[in-house]
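A quick write-up on the structure given underneath.
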Amino acid sequence: MNARFSGKEIADFCHFLAREYGLCFAPTRYSFVENRIGPLLNAFCCQTPAELLHKAKTDLALRVELLNTLTTNETWFFRHPQHFLILKNHVLRELVEYKRKIDNKQLSIWSAGCSTGAETYSLLFAVLDCINPAEFNIQITGSDISSDALKTARIACYNKHDLRITGQEVLHKYFIEKPDDTWQIKQEILKYTKFELLNLLKSWPARTFDIIFCRNTMIYFDNASKTSLTQRFLSALNPGGYFFTSANETIHMNDDADLKKLFIENEIIYQRSSVKIEHQVLKFATPSDLLRALNLLQNHGFEYHLEKIHQAHNLAPTRAIYLNRRDIEKVKELFALNAIKLGNSGTAGQ
Ligand SMILES: C[S@@+](CC[C@H](N)C(=O)[O-])C[C@H]1O[C@@H](n2cnc3c(N)ncnc32)[C@H](O)[C@@H]1O
């Protein structure tokens, strides 16, 4: 069945897509939307486009189909190779050095709008080229709104087109060639990645990352959504963390934003202000010591933040407190008075 939308119907539909998913289609792209959603009328037993719109508000399966149909999942390995060079030659080097100093062996990266996974795995290869996974706990998370794209990402098998600019060395190091001319990523490195369904414009799980890539994804969003999304990416970065986006996606930030623009090898990369100098890391003997310490800091109005750390042993806390250096003596005194025990290495950091 060939759908024929009235101007108002297609405008209403696109308004719904923008509000719910941030997917913006200018009137010049209405025929694209019309062609893509026409076949869904039959599949979801709707007589009219208005009925489809009504059903999409409550029918989860229809929403999933809509998103799979309307998102553009174009991606390939090492897309914009300069970003991966900067990652290897500058960003990872600096992060590793800093994390060794503060004894934080957690490295977490987010590929937001990862599509079928090429970007997520390109990040993984860059990391494994520079970092020994026996030293750092590496976790690379890919997320997307399209369940079909994520299915492909989890299968981790790609064709020549996806790998068109991937060098032979990478292919042989990280893939196994299959008889049907496709390339499967080696099983043993998949454990460093995970994929999740996530609408960037809805709420996220509370967590932070050292590096966030969000490229060729915000182009779908209107200016207000881009501004609030960038602000939320900033909050999801660890202090000193890096944000990569595509050159054609202008960053929408408030002037007082805590995000520095770095110019590296003719590219603009963003970095959240670092706390290297002002903060000291406090590690605790047990989770209960950490909990009591948090209560005390809150009750006494001290400034602090929590960060994930490498767990020294099974019963050790998985987080440490980052405290402003000026407060360190007072806080240690307070902890001693309350018999709060610091971990073996006690304090670390610069
Ligand atoms: C063109 S691909 C970019 C893939 C990869 N980042 C790259 O640069 O090659 C854009 C991806 O953004 C996803 N996307 C669009 N809107 C989204 C939203 N609201 N939340 C999460 N992902 C979204 C699409 O499903 C698509 O897979």
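Since every read-out is calculated from the coordinates, none of them should be taken as a lab result. Remember, it's a predicted structure, so these values are computed and weren't measured experimentally.
Evaluated at q = 0.09, 0.11 Å⁻¹, the base-10 log of the normalised Debye intensity for the chain, with identical point scatterers placed on the Cα atoms, takes the values -0.60, -0.85. Taking the DSSP bridge list for the chain and keeping only pairs wholly inside it, about 55 percent are antiparallel. Counting only aspartates and glutamates at least 8 places from K191 when in the same chain, those with an alpha carbon closer than 20 Å to its own are E119, D129, E135, D144, E177, D210. Springs join every pair of Cα atoms under 10 Å in this Gaussian network model of the chain, and among L87, L123, L297 the largest mean-square fluctuation is at L297. Roughly how many whole Å is it from the C-alpha centroid of the stretch 28-98 to that of the stretch 175-205? Using only Cα atoms, the two centres lie 17 Å from each other. GNM on the chain, C-alpha springs below 10 Å: top fluctuator among G113, G142, G240? Greatest mean-square fluctuation among the candidates belongs to G240.
Each helix, a run of at least 4 DSSP H residues, gives -39500 (n - 2.57); summed and divided by the residues of the chain, these come to -11000 deg cm²/dmol at 222 nm. If you run the Gaussian network model on the chain, springs between alpha carbon atoms under 10 Å, then out of C46, C14, C214 the most flexible one is C46.
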